[in-house]
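The values are calculated or read from the model by the stated rules, or taken from the named source; none is laboratory data. Computed from a prediction, not measured in an experiment: that's the story for all the values here. Counting neighbours? That spans all protein chains shown, and the Cβs are built from the backbone with ideal geometry, glycine included.
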Amino acid sequence: MTGTDTALWHRIAAHAIGPPEASLTFAARLARENRWGLSHAQAVIDEYRRFCYLAVTAGHSVTPSDAVDQAWHLHLTYSRDYWQVFCPAVLGTELHHGPTQGGPAERTRYYQQYADTLAAYEAAFDMAPPAAIWPAAQQRFIADPRCVRVNLSNAIILPRRVALALSLLVFVVGWLAGRTM
């Protein structure tokens with residue numbers, strides 16, 4: 001029997017996050033806040049549901065991908081739904097968010113928990129987690145922590161190569177302008 005054959009899974013899958021009459025749905029808010037398309041946000045929500053299932057059934061601590069963590073963070077802001085409905089009636093238990101305290105030991109612990117989560121996912125759902133939402137542990141804990149969230153309404157993001165080329169161009173043009181005067 002896979003995870004999707006259980007009563008717990010059916011409760012998780014059936015639970016609608018957020019008020020149904022809201023103009024800005026949970027999925028739309030998640031998409032907007034992360035600059036994702038609506039279909040990707042919905043896929044992340046589906047994976048968040050799988051993560052919640054694993055959190056209850058895996059038998060060990062589980063760690064979400066960054067995308068799934070964004071869905072979890074947003075769900076926590078819908079506090080009445082999360083604490084008064086989702087945890088007690090859907091999951092049947094409290095699901096607390098425990099962020100890292102930092103340092104090498106914590107990074108090692110969360111790296112291993114994440115790798116264990118990916119293995120538990122495969123065992124529970126009889127398939128590998130989608131790499132676009134659940135990257136490998138190496139990506140999640142070595143490369144991704146160097147990322148930052150940026151408000152694109154007041155910043156311009158350029159690839160490093162383009163920024164270096166533009167800097168060089170400005171320098172050369174300035175140097176040439178100084179020579180001609």
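The set of residues from the stretch 5-51 being of a type in the set (D, E, K, R) and in a helix (DSSP H, G or I) comprises 5, 11, 29, 32, 33, 46, 47, 49, 50.
Would you check if there is a residue in the stretch 42-52 being over 18 Å from residue 132 (Cα atoms) and surrounded by 11 or more Cβ atoms within 10 Å (Cβ to Cβ)? Break it down into steps so the answer makes sense when it comes.
At the first step, the residues of the stretch 42-52 found to be over 18 Å from residue 132 (Cα atoms) are 52.
Subsequent filtering for residues that are surrounded by 11 or more Cβ atoms within 10 Å (Cβ to Cβ) retains 52.
Yes, the stretch 42-52 has at least one match.
The residues of the stretch 52-85 that are over 17 Å from residue 113 (Cβ atoms), in a helix (DSSP H, G or I), out of contact with any His (no Cβ under 6 Å at 6 or more places or on another chain) and of a type outside the set (A, V, I, L, M), listed by number, are 70, 73, 75, 77, 79, 80, 81, 83, 84. Note on the stretch 86-112: among residues that are part of a helix (DSSP H, G or I) and among the β-branched types (Val, Ile, Thr), the one that is farthest from residue 11 (Cα to Cα) is 108.
Pull up the stretch 132-181, narrow it to residues that are touching a helix residue (DSSP H, G or I) at 6+ places or on another chain (Cβ under 9 Å) and surrounded by fewer than 10 Cβ atoms within 10 Å (Cβ to Cβ), then point me to the one that is modelled with the highest pLDDT. Quick ask: steps written out before the conclusion?
Of the residues in the stretch 132-181, the ones touching a helix residue (DSSP H, G or I) at 6+ places or on another chain (Cβ under 9 Å) are 132-138, 140-142, 144-145, 147, 149, 158.
When the remaining residues are screened for being surrounded by fewer than 10 Cβ atoms within 10 Å (Cβ to Cβ), the result is 147, 149.
Numbers: 147: 63, 149: 69.
Among residues in the stretch 132-181 that are touching a helix residue (DSSP H, G or I) at 6+ places or on another chain (Cβ under 9 Å) and surrounded by fewer than 10 Cβ atoms within 10 Å (Cβ to Cβ), the one modelled with the highest pLDDT is 149.
Give me the residue from the stretch 113-127 that is of a type outside the set (D, E, K, R), free of Cβ contacts under 8 Å to residues at least 24 places away in the same chain and not in a loop (DSSP other than H, G, I, E, B) and, out of that set, nearest to residue 57 (Cα to Cα). Reasoning before the result, please.
Narrowing the stretch 113-127 to residues of a type outside the set (D, E, K, R): 113-115, 117-121, 123-125, 127.
Still in the list and also free of Cβ contacts under 8 Å to residues at least 24 places away in the same chain: 115, 118-119, 123, 127.
Imposing the further condition that a residue be not in a loop (DSSP other than H, G, I, E, B) reduces the set to 115, 118-119, 123.
Details: 115: 16, 118: 14, 119: 13, 123: 11 Å.
Among those that are of a type outside the set (D, E, K, R), free of Cβ contacts under 8 Å to residues at least 24 places away in the same chain and not in a loop (DSSP other than H, G, I, E, B), it is 123.
Only one residue in 90, 162 is over 29 Å from residue 77 (Cβ atoms) and among the β-branched types (Val, Ile, Thr). Which one? Break it down into steps so the answer makes sense when it comes.
On the way: 90 fails: over 29 Å from residue 77 (Cβ atoms).
That would be 162, the only listed residue that is over 29 Å from residue 77 (Cβ atoms) and among the β-branched types (Val, Ile, Thr).
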